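The values are calculated or read from the model by the stated rules, or taken from the named source; none is laboratory data. Only a predicted model underlies this, so the values are computations on that prediction, with no experimental measurement involved. Quick reminder, even Gly has a Cβ in these numbers, built from the backbone with ideal geometry, and neighbours come from all protein chains shown.
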Amino acid sequence: MTAARTVSRRRLLPVICVLFVCPGLYALGSAEKPAKPPERRAEISGIIRLVGNDPFARLLVSADDGKAYIVDESSPARRALHSLQGNRVRMEGMIRESPVYAGEKYLGIEYFIVPEHYDFPEDQP
(Lines give C-alpha, C1' and ligand atoms only; values in the text may rest on other atoms or scores of the structure.)
Protein backbone atom coordinates (compact mmCIF):
# COMPACT_ATOMS: atom_id res chain seq x y z
CA MET A 1 0.00 0.00 0.00
CA THR A 2 2.87 2.37 0.66
CA ALA A 3 4.27 1.86 -2.84
CA ALA A 4 0.86 2.66 -4.35
CA ARG A 5 0.63 5.93 -2.40
CA THR A 6 4.12 6.97 -3.56
CA VAL A 7 3.24 6.34 -7.20
CA SER A 8 0.00 8.31 -6.97
CA ARG A 9 1.79 11.26 -5.30
CA ARG A 10 4.36 11.29 -8.10
CA ARG A 11 1.58 11.47 -10.66
CA LEU A 12 -0.07 14.32 -8.77
CA LEU A 13 3.03 16.56 -8.73
CA PRO A 14 2.79 17.65 -12.41
CA VAL A 15 -0.93 18.32 -11.99
CA ILE A 16 -0.25 20.53 -8.95
CA CYS A 17 2.43 22.43 -10.87
CA VAL A 18 0.09 23.07 -13.77
CA LEU A 19 -2.75 24.20 -11.50
CA PHE A 20 -0.76 26.54 -9.22
CA VAL A 21 2.64 27.46 -10.65
CA CYS A 22 1.64 28.25 -14.25
CA PRO A 23 -1.10 30.76 -13.37
CA GLY A 24 1.29 32.48 -10.96
CA LEU A 25 3.95 32.84 -13.64
CA TYR A 26 1.35 34.16 -16.08
CA ALA A 27 0.23 36.79 -13.55
CA LEU A 28 3.81 37.98 -13.02
CA GLY A 29 4.46 38.30 -16.75
CA SER A 30 1.28 40.21 -17.50
CA ALA A 31 1.83 43.01 -14.96
CA GLU A 32 1.14 46.48 -16.33
CA LYS A 33 4.15 48.36 -17.59
CA PRO A 34 4.43 52.06 -16.69
CA ALA A 35 3.04 54.32 -19.40
CA LYS A 36 5.33 56.62 -21.34
CA PRO A 37 5.02 60.17 -20.02
CA PRO A 38 2.62 62.24 -22.14
CA GLU A 39 4.10 64.80 -24.52
CA ARG A 40 2.45 67.90 -25.87
CA ARG A 41 3.43 70.86 -28.00
CA ALA A 42 3.37 74.23 -26.23
CA GLU A 43 4.75 77.75 -26.21
CA ILE A 44 6.23 79.17 -23.01
CA SER A 45 7.80 82.49 -21.99
CA GLY A 46 10.16 83.07 -19.11
CA ILE A 47 13.69 83.69 -17.87
CA ILE A 48 16.59 81.33 -18.68
CA ARG A 49 18.39 80.12 -15.54
CA LEU A 50 21.07 77.64 -14.59
CA VAL A 51 20.40 75.78 -11.32
CA GLY A 52 22.56 73.34 -9.40
CA ASN A 53 26.30 72.77 -9.42
CA ASP A 54 28.52 71.20 -12.06
CA PRO A 55 28.49 68.46 -13.19
CA PHE A 56 24.77 68.25 -12.33
CA ALA A 57 23.71 71.78 -13.30
CA ARG A 58 20.42 72.07 -15.18
CA LEU A 59 19.38 74.72 -17.65
CA LEU A 60 15.75 75.70 -17.22
CA VAL A 61 13.19 78.34 -18.07
CA SER A 62 11.32 79.90 -15.15
CA ALA A 63 8.06 80.38 -17.00
CA ASP A 64 5.46 83.07 -16.48
CA ASP A 65 2.95 80.34 -15.53
CA GLY A 66 5.00 79.59 -12.38
CA LYS A 67 6.48 76.31 -13.60
CA ALA A 68 10.15 75.55 -14.24
CA TYR A 69 10.79 73.78 -17.55
CA ILE A 70 14.10 71.91 -17.74
CA VAL A 71 15.74 72.18 -21.16
CA ASP A 72 16.28 68.61 -22.34
CA GLU A 73 19.93 67.49 -22.46
CA SER A 74 19.50 66.15 -25.99
CA SER A 75 18.28 69.47 -27.40
CA PRO A 76 20.57 71.07 -30.01
CA ALA A 77 19.48 74.53 -28.78
CA ARG A 78 20.78 73.84 -25.27
CA ARG A 79 24.31 75.13 -25.93
CA ALA A 80 23.07 78.41 -27.44
CA LEU A 81 20.58 78.92 -24.59
CA HIS A 82 23.28 78.25 -22.00
CA SER A 83 25.07 81.46 -22.93
CA LEU A 84 21.83 83.48 -22.67
CA GLN A 85 21.21 83.02 -18.93
CA GLY A 86 19.19 85.80 -17.34
CA ASN A 87 17.45 86.76 -20.59
CA ARG A 88 13.73 86.57 -21.23
CA VAL A 89 12.91 84.03 -23.92
CA ARG A 90 9.84 82.74 -25.69
CA MET A 91 10.13 79.17 -26.95
CA GLU A 92 7.96 76.50 -28.44
CA GLY A 93 8.58 72.79 -28.45
CA MET A 94 7.59 69.45 -27.03
CA ILE A 95 6.89 69.34 -23.29
CA ARG A 96 7.14 66.13 -21.29
CA GLU A 97 5.96 65.66 -17.72
CA SER A 98 7.79 63.23 -15.47
CA PRO A 99 6.83 62.24 -11.90
CA VAL A 100 9.53 62.57 -9.23
CA TYR A 101 9.89 60.06 -6.40
CA ALA A 102 12.23 59.76 -3.40
CA GLY A 103 12.08 56.05 -2.76
CA GLU A 104 8.35 55.42 -2.83
CA LYS A 105 7.37 58.93 -1.73
CA TYR A 106 5.85 61.05 -4.50
CA LEU A 107 7.42 64.52 -4.63
CA GLY A 108 5.76 66.12 -7.65
CA ILE A 109 6.21 66.56 -11.39
CA GLU A 110 9.21 67.76 -13.39
CA TYR A 111 8.58 69.47 -16.71
CA PHE A 112 11.02 69.05 -19.60
CA ILE A 113 11.04 70.97 -22.87
CA VAL A 114 12.78 70.20 -26.15
CA PRO A 115 12.83 73.63 -27.80
CA GLU A 116 12.23 73.63 -31.55
CA HIS A 117 12.16 77.40 -31.89
CA TYR A 118 13.00 80.28 -29.58
CA ASP A 119 13.16 84.06 -29.81
CA PHE A 120 13.41 87.06 -27.55
CA PRO A 121 10.27 89.11 -26.93
CA GLU A 122 10.52 92.84 -27.65
CA ASP A 123 9.12 93.74 -24.23
CA GLN A 124 12.41 92.91 -22.48
CA PRO A 125 13.17 95.16 -19.50
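Okay, here's what the table says:
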| read-out | value |
| --- | --- |
| Residue match in the range 99-109 (condition: closer than 14 Å to Ala42 by Cβ and either in contact with an Asp or Glu (Cβ under 8 Å, 6 or more places away or on another chain) or not assigned by TED's automatic domain parsing to the domain that holds Ala57 (or both)) | no |
| Residue under evaluation Lys67, criteria (1) over 21 Å from the mean Cα position of the chain (by Cα); (2) on the phi < 0 side of the Ramachandran plot, criterion not met | (1) |
| Pairs with Cβ under 6 Å, 6+ apart, first in the range 68-82 and farther than 12 Å from Arg58 by Cα, second at pLDDT 85 or above and crowded, with 18+ Cβ neighbours inside 10 Å | Ser75/Val114; Ser75/Pro115; Ala77/Pro115 |
| Matching residues in the range 77-104 - criterion: being out of contact with any Gly (no Cβ under 9 Å at 6 or more places or on another chain), surrounded by 10 or more Cβ atoms within 10 Å (Cβ to Cβ) and within 24 Å of Glu39 (Cα to Cα) | Arg78, Ala80, Leu81, His82, Glu92, Gly93, Met94, Ile95, Arg96, Glu97, Ser98 |
